[in-house]
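Scroll down for the structure; my scribbles are underneath it.
The values are calculated or read from the model by the stated rules, or taken from the named source; none is laboratory data. None of the values given here were measured: they were computed from a predicted structure. A quick note on method: Cβ atoms are made from the backbone with ideal geometry, for glycine too, and the neighbour counts reach across all protein chains shown. Surface accessibility is based on the protein's heavy atoms, side chains included, excluding ligands, DNA and RNA. Shrake-Rupley method; radii C 1.70, N 1.55, O 1.52, S 1.80 Å.
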Protein chains: 2
Amino acid sequence: MSITIEDVAKAAGVSRQTVSRVINGKPGVKPAVREKIETAIAELGYVPNLAARRMGGARSFLIMAINDRERTIENWAAGHGNDWVDQMLYGGMLACEARGYHMLFELIDTETGKAVEQVRRVLTSLQPDGIILTQPHSENPELAALLRERGRPFARIALPDANSDALCVHFDDAGAARAAVDHLTGLGHRKIAFLAGDRSYEASLVRREGYGDAMKDAGLEPLIAEGGYSFDKAGAIARDWLENGGPTAVIAENDEMAFALLHVASKLGVEVPEQLSLISFEDTPGARFAVPPLTAIRQPTAAMIARACELLMDAAEGQPANGDHCLPFDLIVRETTGPAPR
Amino acid sequence: MSITIEDVAKAAGVSRQTVSRVINGKPGVKPAVREKIETAIAELGYVPNLAARRMGGARSFLIMAINDRERTIENWAAGHGNDWVDQMLYGGMLACEARGYHMLFELIDTETGKAVEQVRRVLTSLQPDGIILTQPHSENPELAALLRERGRPFARIALPDANSDALCVHFDDAGAARAAVDHLTGLGHRKIAFLAGDRSYEASLVRREGYGDAMKDAGLEPLIAEGGYSFDKAGAIARDWLENGGPTAVIAENDEMAFALLHVASKLGVEVPEQLSLISFEDTPGARFAVPPLTAIRQPTAAMIARACELLMDAAEGQPANGDHCLPFDLIVRETTGPAPR
DNA sequence: TTGGCAATTGTGAACGTTCACTATTTATCC
DNA sequence: GGATAAATAGTGAACGTTCACAATTGCCAA
């Protein structure tokens, strides 16, 4: 029914295997023959069948990204969307398709027992050439063990793990926190608060540390509050601060909390940035449409996934990679930061 | 190396084919035998290999969603993200995994010649069981012809096509526009404008029509402006309106334009909703965090994709579906609509 | 020439399923 | 109880690749 390698071989007057070699870009084919085969492929419009390829023992050309089921669904259900997922797609799809791979997303349960079983299943059913692990799965040693045991290349989107040389892609959370502080001190602020998210989120701890260190270096007193990444919690904290002469500048760990600050400030008649400066650590699409547009740290999410894909495809093609890869972030200055009030 | 159907067959003391029947839920297996096989599957932790399954001539368990490459990448590059894609994932992934399928995304060029070739390629390389076509591919007759010729079930996320009974999933664009108008007239507004997007986008035309009809029915004069879905264009129009006693209420076709209105209103000291009411036709996550939060039409994007997946999986399993499926929308009243000023 | 080695090309088997049959068992009816 | 049909179970081949190895070709030096 569909055109097979056999058809191409016949048309070019060679054997299957030679055609296969050409398709896979393997050496050991005379230029003249290669060209003849390429012509035949083009003329017949031959496209290899991935399932058969995989059956023959080759790659599946699938890169699988694994996300936390609970959190992802929760965000969707709450109508917050998952800009994170969208960014993953941005980086991952383009990187993959450039090399003929496809990107597949899977939602995996948080609970470790379930997670291991679910990953085992997708591993054997789909046989992806590489796996990308995001929070919190990237910090699950059982998952790493399973993947290592199966000999599947995987990349963790997470901070480097001291007792493992597994491939890991991340950005400088601490440096970004420091950059935010520096930007604000540069504007003359001295009461700078950090509106943090969740302690169970490892990157959050590192950001707190970066913030703390930067404040200490500037001779300032740190002030950390727990906002739980939530609009309401952050709003309550903001109200308390704004009504009682709190900080003149706030670094919020995500956009939702930043929006809450904006909201409360607007309600209380506090002008941004004249009376309050604000930096978000997330920069979702909404950030630039806020009133006023949010100054924000832009995490290189798409770039991290793209890099992870690259490394995994390299590994699938016999160039195993490991170690950690740190990507640069941006501090995008929009309109929520300004000189400290006097 | 990995556990095969053969292993299960041996463990249960039956043949391959019987195990296969059980896996595929086919009839004609005695309950006792079925149970024995299921036990063996569970004990061995057997998981079928999808590539082999496909090779054997069965389904691929893949549903492929096709998006417009240019627009999608443009949105990503501009930092606007693609909430649309995120919503597709929401609906699609969950629907698929519930029945053991996987959802795959592909970016396909807008130009029709390229599109047909690219779709042909993914069709033969991945052999998906069903294809979801979104704008503008959903309106490309060549693509539809290709898919029909190949006998691949496909669903268009688009308005029904009069001269085709192809499967089609959509929502009531005209009705939503009317609902927006009705909400505003109910609040006493009489100068209601429609800030439209792109004429090349078929749904936009239908929305204009719905708006126009509703205005006529209310005995009001329609006022349509072309905002091209762009922040800047919409901002210019908004400035003109607000400075020259324009409409007291605006329906914007997407959030970005609505944000522009909010932005300009804030700049000009025009109070929302006291002096200007605003409804968006999109409702991305940013809408609820805007100041003030946007009243919006909520399109059932996730639900449409989920429905499309369901229908395609049914088709893959021998229950071909066609005709059009219209899903309900929501008008979510937040804080940008209020009584008309006097 | 001719032998030998490297480069190139070809061959049969295998991958893990399902398909299209065939064979066997079980139930039904008179 | 036997014949017949229906239900259940099993078998070899096929799907389209790649693998591992075997066969051929070409080239160079002796």
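Accessible area per residue for chain B, computed on protein heavy atoms with a 1.4 Å probe, is 42 Å². For the listed residue pairs B:114/B:233; A:191/A:216; A:10/A:30; A:233/A:267; A:30/B:114, the alpha carbons are over 20 angstrom apart in B:114/B:233; A:30/B:114.
Label-to-label distance for residue B:330 and residue A:317 is 4.6 nm, based on points extended 7 Å past Cα in the beta-carbon direction.
The share of accessible area on chain A that comes from carbon and sulfur is 50 percent, using a 1.4 angstrom probe.
Averaging the sequence gap over all C-alpha pairs within less than 8 Å and six or more residues apart, then dividing by the number of residues, gives the range B:173-299 a relative contact order of 24 percent. Dimensions of the range B:5-48 from C-alpha coordinates, computed as largest minus smallest value along each principal axis and given longest first, are 23, 18, 15 Å. Measuring from each Cβ of chain A to the axis carrying A onto B, the nearest residue and its distance in whole Å come out as A:286, 1. In this Cβ point-charge picture (+1 for Lys and Arg, -1 for Asp and Glu), the range A:164-277 has a dipole of about 320 debye about its Cα centre.
When the square roots of the Cα gyration tensor eigenvalues are ordered a ≥ b ≥ c, the ratio a/c for the range A:1-111 is 1.5 or more and a/b exceeds b/c, which makes its shape prolate. Taking the label point 7 Å along Cα→Cβ, residue B:267 and its counterparts in the other copies are spaced 2.8 nm apart, in ascending order.
For the range A:104-133, a reduction of at least 10 Å² in accessible area between the chain on its own and the assembled protein chains (probe 1.4 Å) is found at A:104, A:105, A:106, A:107, A:120, A:121, A:124, A:125, A:126, A:127.
Working note: Karplus 6.51/-1.76/1.60 with θ = phi - 60° gives the range A:34-39 the couplings 3, 5, 4, 5, 4, 4 Hz, where Gly and Pro are set to x.
When B:84, B:76 are compared by accessible surface with a 1.4 Å probe, the order from highest to lowest is B:84, B:76. Against chain A, whose longest principal axis comes from its Cα atoms, helix A:231-243 is set at around 30 degrees. Between B:158, B:291, B:281, the Cα set farthest toward the positive side of the dipole of chain B (charges on each charged residue's Cβ, about the Cα centre) is that of B:158.
The Cβ shell under 14 Å around residue B:332 holds other residues with a net charge of -2, Lys and Arg each +1, Asp and Glu each -1.
Chains A and B together bury some 4800 Å² of accessible area, summed over both sides, with a 1.4 Å probe.
Tell me whether the range B:173-299 comes out rounded, prolate or oblate; compute the Cα gyration tensor, take square roots of the eigenvalues as a ≥ b ≥ c, and use a/c under 1.5 as the rounded threshold. Rounded is the answer for the range B:173-299, as its axis ratio a/c remains below 1.5. In this structure, the amide hydrogen of residue A:100, modeled 1.01 Å from its nitrogen in the peptide plane, lies closer than 5 angstrom to no residue at least 5 positions away or on a different chain. Taking the chain by itself as reference, the range B:283-315 contains these residues with an accessible-area loss of 10 Å² or more in the full protein complex (1.4 Å probe, heavy atoms): B:285, B:286, B:288, B:289, B:291, B:293, B:298. Inter-copy label distances at residue B:244, shortest first and taken from points set 7 Å along Cα to Cβ: 5.2 nm. Put simply, the amide H of residue A:109, placed in the peptide plane, has neighbours under 5 Å in A:69, leaving out anything fewer than 5 places away on its chain. With a sphere of radius 12 Å drawn around the Cβ of residue A:277, what net charge do the other residues whose Cβ falls strictly inside it have (Lys, Arg +1; Asp, Glu -1)? Computed value for this residue: 0. With respect to chain B, whose longest principal axis is taken over its alpha-carbon atoms, helix B:112-126 is tilted by about 30°. Shown for residue A:57: label points 7 Å from Cα along the beta-carbon vector, and their distances to the equivalent points in the other copies, 2.6 nm in ascending order. Measuring heavy-atom accessible area with a 1.4 angstrom probe and counting protein chains only, the residues of the range B:73-98 that give up at least 30 Å² relative to the chain alone are B:76, B:79, B:80, B:86, B:89, B:90, B:93, B:94, B:97. Close amide H partners of residue B:330, meaning residues 5 or more places away or on another chain with modelled amide H under 5 Å apart, are B:298.
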